[in-house]
Amino acid sequence: LPEYAFIGRSNVGKSSLINMLTNRKGLAKTSGRPGKTQLINHFLINENWHLVDLPGYGYARVSKKEKKTFQRFITDYFEQREQMISAFVLVDCRHEPQKIDMEFMEYLGEKEIPFSIIFTKADKEKPKSLERKIEHYKKIMLEGVWWEFPNYFVSSATNGEGQEEILNYIEDINGNLKLG
Ligand code: GDP
C-alpha cells in the first residue's frame, strides 16, 4: 500500500497534526499506536494507504553518534521503502527557516523524493503575518538550491485547518496511482 511519511523537528506539532488528520469523522483508521517506544508508527487509513509517523529530528541534547544512527535510520527508510509516495515536511509557521529543515528538504530533493511542506500551528499567526512568513520561506528557498517552491499546506491542530486539503491531496494521488 502507498505510504505518506510525516516528518519534522521535534515539537513542530507532528503528533497533534497526525491526531487531527486521523481522527476525522468517517475516516477508518485500523492500526497505529502512537508511542515513544516505537520509532516508526504506521496508521492504516481507509484500508488503502498508510500514514507513516517518522521520529522527530533535531533534538539538541544527543551525541554525535546518536545523531548519525538516527540520520541513518531516516535515510534508510526513504531510500528503501518503495511504497513511500510522498513526504510531508512539517515546519512551525512562526519560525525562521531552520538549517536542519533546509538540509533535510535538500536531501529529499537530491534523492528525487516528492514532498510537500506543512506550515503548522497556523492558529498562532495572524493571516497577514503568516503570508509574510511563507513569502520569506519562498525567498530563502528560491535563493538557495530550489527552482520552484514546493507544494505546501497550512495547518492547525487546534482548529482543524488543513485537514481536508491534506487528506484530499493524498486521496487524489492514490486515485491516480490506481489508474496507473
Ligand atoms: P511533536 O513533538 O512534533 O509531535 O509536537 P506535538 O504535537 O507534541 O506538539 C508540540 C507542542 O505544540 C504541544 O504543546 C502542542 O500542544 C502544541 N501544538 C501542536 N500543534 C499545534 C497547533 O496547531 N496549534 C497550537 N496552538 N499549538 C499546537
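Taken together, the values in this text are just the output of simple stated rules run on the coordinates, not laboratory data. Keep in mind it's a predicted model, so treat the numbers as computed, not measured. In this analysis, Cβ positions are derived from the backbone assuming ideal geometry, glycine residues included, and neighbour counts consider all displayed protein chains.
Note on segment 3-179: dipole from Cβ charges, positive end direction compared against Ile173, Val62, Gly109; the farthest Cα belongs to Val62.
When Rg and the Kirkwood radius Rh are both evaluated on Cα atoms of the chain, their ratio Rg/Rh stands at 0.94. With loop membership from DSSP and a limit of 14 other Cβ atoms within 10 Å, the longest segment of the chain without GluC sites (Glu not before Pro) is 1-46.
Of all DSSP-defined beta bridges confined to the chain, some 25% are antiparallel rather than parallel.
Treating the beta-carbon of each Lys and Arg as +1 and of each Asp and Glu as -1, no other charges, what is the dipole magnitude of the chain about its Cα centre, to the nearest 20 debye?
Details: 26 positive and 25 negative charges, 179 e Å.
For the chain, the charge dipole is close to 860 debye.
Take the Cα of Asn176, step 7 Å toward its Cβ, do the same at Glu82, and the gap between the two points is 2.1 nm.
Could you calculate the contour length gain from Ile140 to His42, that is, 0.36 nm times the residue separation minus the distance between their Cα atoms, to one decimal place in nm? Don't jump to the answer; show the numbers that get you there.
Details: separation 98, 0.36 × 98 = 35.28 nm, distance 3.29 nm.
Between Ile140 and His42, full extension yields 32.0 nm more.
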